[in-house]
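Chemist: Got a structure for you, questions after.
The values are calculated or read from the model by the stated rules, or taken from the named source; none is laboratory data. Model, not experiment: these values are computed from the prediction. Ideal geometry is used to build each Cβ from the backbone, glycine not excepted, and the neighbour counts take in all protein chains shown. Please note that ligands, DNA and RNA were not included when accessible areas were found on the heavy atoms of the full protein model with its side chains. Shrake-Rupley method; radii C 1.70, N 1.55, O 1.52, S 1.80 Å.
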Amino acid sequence: MQDTDMRDEYLATARSKPSLLLQGETPRLIDEWQDAPVLWDSVRTLVDKRVVPGQFILTGSNAVDKSKILHSGNGRIARMTMLPMSLWESKESTGEVSLRQLFDNPDYDIDGCHSKMSIEDLIFSACRGGWPATLMARSPKSQLLIARNYVHTVCSEDISRIDGKRRSEKLGTLILRSYARNISSLAKKTTMVADVTASGNQECSINTFNDYVNALERLFVIQDIDAWCPAIRSQTVIRSSPKRSFCDPSIAVALLGLTPEALKTQLKTFGFIFEQMCVRDLKAYTQGLYSHVSYYHDRYGLEADFVLHLEDGRYALIECKLGSKEIEEGAAHLLELKKLIHEHNKREKQMPIREPDLLMILTGGQMAYTRTDGVKIIPLACLRE
């Protein structure tokens, strides 16, 4: 619908008789369909007439004006969220460890499975990102430009086009940069607003900040992670602020002006970016399981970087540790959290909390194995769905 040669004709057809655009062999894909929202209702009507599944694919990079749609599509149209490519999809993960099998098969043997990616490889992959356009780039240097161009376009155009409300490119960039500086943290909005004001000499109220963040969420750029608050401690003890997160680690890298060479000497910073790679891939590998991701952190320092919840109630406690030196600490956190849940269930007979089905540490290392305490140590680059 954004083909420069045919756009006007397509839009005119959509206004007068949208069903004409749906004629032809199926499955029929209509890209950027949100430019003509009437197509949604036309698809719904044609699906009712044909009673055949899988006829149309409607794709779009921006949110649609729902006021122009008459029917929800319930029972006719299924919604799917598109994600950047995982390491398995970009053919960098060996895929020797199946996340689904980890949940489904208690005897699943991962010992000896390995990754072919070094820390340097992971750094480059994080800087490049999971953008399909990188597959067509002719050189590593040009691959690294994709994320930078994406961020620039989001701030200069998309952030205003999403709902027709004019927003400042400068302020949008400053807010995203503050997000990047606070990546994988529980930074409060007030802290980030102060950061935006100080770093750019730009006035920004909480309401303005919320407006920009809402637009960036609708563009699927920002994807904060909510807290998991089980009743194992006082609710005042468990932190509930969202964890700051992007849809892809390369966005943070681009906003901070980092390069693979710079990150090789800033492994502490890369640890936060590696966490973003982990959550991106976890979401990709469990889409078919209707999963969602949260985190756990309390005031006593006990944490799980991610809690991966499946639709059927099963869940995994996950820590992300770049190097082998951090694995012992990560395993201790997971085991302590499991113990807390177990002790809670001894006291609470009426409403026990399901104990975790999986304890896992995702690493930047190269060998997978199961510890004697049951914690799975898995290189990110040997994982798949």
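Chemist: In this structure, is Leu46 of a type in the set (A, V, I, L, M) and within 20 Å of Thr81 (Cα to Cα)? Before the answer, list the steps.
Modeler: Details: of a type in the set (A, V, I, L, M): yes; within 20 Å of Thr81 (Cα to Cα): no.
Against the criterion (of a type in the set (A, V, I, L, M) and within 20 Å of Thr81 (Cα to Cα)), Leu46 does not qualify.
Chemist: Among all residue pairs at least 6 apart or on different chains, which show Cβ distances below 9 Å where the first residue, located in segment 97-109, is within 10 Å of Lys376 (Cβ to Cβ) and the second is polar (S, T, N, Q) and assigned to a helix (DSSP H, G or I)?
Modeler: Tyr108/Gln101
Chemist: Right, here's the next one. Hey, can you tell me all the residues within segment 291-308 that are open to solvent by 30 Å² or more (accessible area, probe 1.4 Å) and either at pLDDT 95 or above or in a strand (DSSP E or B) (or both)?
Modeler: Of all residues in segment 291-308, those open to solvent by 30 Å² or more (accessible area, probe 1.4 Å) come to 291-292, 297, 299-301, 303.
Scanning segment 291-308 gives His292, His297, Glu303.
Chemist: Going by the conditions given, is Pro37 of a type outside the set (Val, Ile, Thr), surrounded by 15 or more Cβ atoms within 10 Å (Cβ to Cβ) and out of contact with any strand residue (DSSP E or B) (no Cβ under 7 Å at 6 or more places or on another chain)? It would help to see each step written out before you state the result.
Modeler: On the way: of a type outside the set (Val, Ile, Thr): yes; surrounded by 15 or more Cβ atoms within 10 Å (Cβ to Cβ): yes; out of contact with any strand residue (DSSP E or B) (no Cβ under 7 Å at 6 or more places or on another chain): yes.
Criteria met by Pro37.
Chemist: List the number of the failed condition for Ile110; all other conditions in (1) within 21 Å of the chain's Cα centre (by Cα); (2) under 24 Å from Gly288 (Cα atoms) hold.
Modeler: Ile110 satisfies all of (1) within 21 Å of the chain's Cα centre (by Cα); (2) under 24 Å from Gly288 (Cα atoms) except (1).
Chemist: Also: Any chance segment 104-113 includes a residue that's buried (at least 21 other Cβ atoms within 10 Å of the Cβ) and small (Gly, Ala, Ser)?
Modeler: Among the residues of segment 104-113, not one is buried (at least 21 other Cβ atoms within 10 Å of the Cβ) and small (Gly, Ala, Ser), which makes the answer no.
Chemist: Every residue in segment 322-343 that is in a helix (DSSP H, G or I) and of a type outside the set (A, V, I, L, M), please. Full working, then the answer.
Modeler: Just the residues of segment 322-343 that are in a helix (DSSP H, G or I), to begin with: 324-343.
Ser324, Lys325, Glu326, Glu328, Glu329, Gly330, His333, Glu336, Lys338, Lys339, His342, Glu343 - these are the residues of segment 322-343 that are in a helix (DSSP H, G or I) and of a type outside the set (A, V, I, L, M).
Chemist: Could you go through segment 345-363 and let me know if any residue there is in a helix (DSSP H, G or I) and either acidic (Asp, Glu) or more than 24 Å from Ala231 (Cα to Cα) (or both).
Modeler: Of segment 345-363, the ones in a helix (DSSP H, G or I) are 345-347.
Narrowing further to those that are either acidic (Asp, Glu) or more than 24 Å from Ala231 (Cα to Cα) (or both): none.
No: zero hits.
Chemist: Regarding Ile30, is this residue at pLDDT 90 or above, closer than 29 Å to Val221 by Cβ and surrounded by fewer than 16 Cβ atoms within 10 Å (Cβ to Cβ)? Quick ask: steps written out before the conclusion?
Modeler: On the way: at pLDDT 90 or above: yes; closer than 29 Å to Val221 by Cβ: yes; surrounded by fewer than 16 Cβ atoms within 10 Å (Cβ to Cβ): no.
For Ile30, the condition - at pLDDT 90 or above, closer than 29 Å to Val221 by Cβ and surrounded by fewer than 16 Cβ atoms within 10 Å (Cβ to Cβ) - is not met.
Chemist: Could you identify the single residue in Arg218, Arg161, Arg167 that is within 22 Å of Arg280 (Cβ to Cβ) and charged (D, E, K, R)? First the steps, then the outcome.
Modeler: Values: Arg161 fails: within 22 Å of Arg280 (Cβ to Cβ); Arg167 fails: within 22 Å of Arg280 (Cβ to Cβ).
From the options Arg218, Arg161, Arg167, the qualifying one is Arg218.
Chemist: Looking at Met80, Met1 in this structure, which one is open to solvent by 30 Å² or more (accessible area, probe 1.4 Å), in a loop (DSSP other than H, G, I, E, B) and touching a residue at least 24 places away in the same chain (Cβ under 8 Å)?
Modeler: Met80
Chemist: Further question on the same structure: What number goes with the only condition from (1) on the phi < 0 side of the Ramachandran plot; (2) touching a Pro at 6+ places or on another chain (Cβ under 8 Å) that Glu157 does not pass?
Modeler: (2)
Chemist: From the residues in segment 206-252 that are of a type in the set (D, E, K, R) and surrounded by 20 or more Cβ atoms within 10 Å (Cβ to Cβ), which one is farthest from His342 (Cα to Cα)? Lay out the reasoning, then the answer.
Modeler: Step one: list which residues in segment 206-252 are of a type in the set (D, E, K, R), which gives 211, 217-218, 224, 226, 233, 239, 243-244, 248.
Narrowing the set further to residues that are surrounded by 20 or more Cβ atoms within 10 Å (Cβ to Cβ) leaves 243-244, 248.
Details: Lys243: 26, Arg244: 30, Asp248: 35 Å.
Checking each candidate, the answer is Asp248.
Chemist: Another question, if that's okay. Yes or no: segment 67-83 includes at least one residue that is under 27 Å from His292 (Cβ atoms), aliphatic (A, V, I, L, M) and in contact with an Asp or Glu (Cβ under 9 Å, 6 or more places away or on another chain). Quick ask: steps written out before the conclusion?
Modeler: From segment 67-83, those under 27 Å from His292 (Cβ atoms) are 69, 71-83; that's our starting set.
Narrowing the set further to residues that are aliphatic (A, V, I, L, M) leaves 69, 77-78, 80, 82-83.
Cutting the leftovers down to in contact with an Asp or Glu (Cβ under 9 Å, 6 or more places away or on another chain) gives us 69, 83.
Taking every residue of segment 67-83 in turn, at least one turns out to be under 27 Å from His292 (Cβ atoms), aliphatic (A, V, I, L, M) and in contact with an Asp or Glu (Cβ under 9 Å, 6 or more places away or on another chain).
Chemist: In segment 25-50, how many are of a type in the set (A, V, I, L, M), over 26 Å from the mean Cα position of the chain (by Cα) and within 17 Å of Leu11 (Cβ to Cβ)? Give the steps one after another, and end with the answer.
Modeler: Of all residues in segment 25-50, those of a type in the set (A, V, I, L, M) come to 29-30, 36, 38-39, 43, 46-47.
After this cut, where a residue has to be over 26 Å from the mean Cα position of the chain (by Cα) as well, the list is 36, 38-39, 43, 46-47.
Now drop any that are not within 17 Å of Leu11 (Cβ to Cβ), which leaves 36, 38-39, 43.
Looking only at that region, the number is 4.
Chemist: Looking at segment 309-321, is at least one residue crowded, with 16+ Cβ neighbours inside 10 Å, farther than 22 Å from Ile238 by Cβ and over 19 Å from the mean Cα position of the chain (by Cα)?
Modeler: no
Chemist: I need the full set of residues from segment 309-321 which are out of contact with any helix residue (DSSP H, G or I) (no Cβ under 7 Å at 6 or more places or on another chain) and either charged (D, E, K, R) or assigned to a strand (DSSP E or B) (or both), in order please.
Modeler: His309, Asp312, Tyr315, Ala316, Ile318
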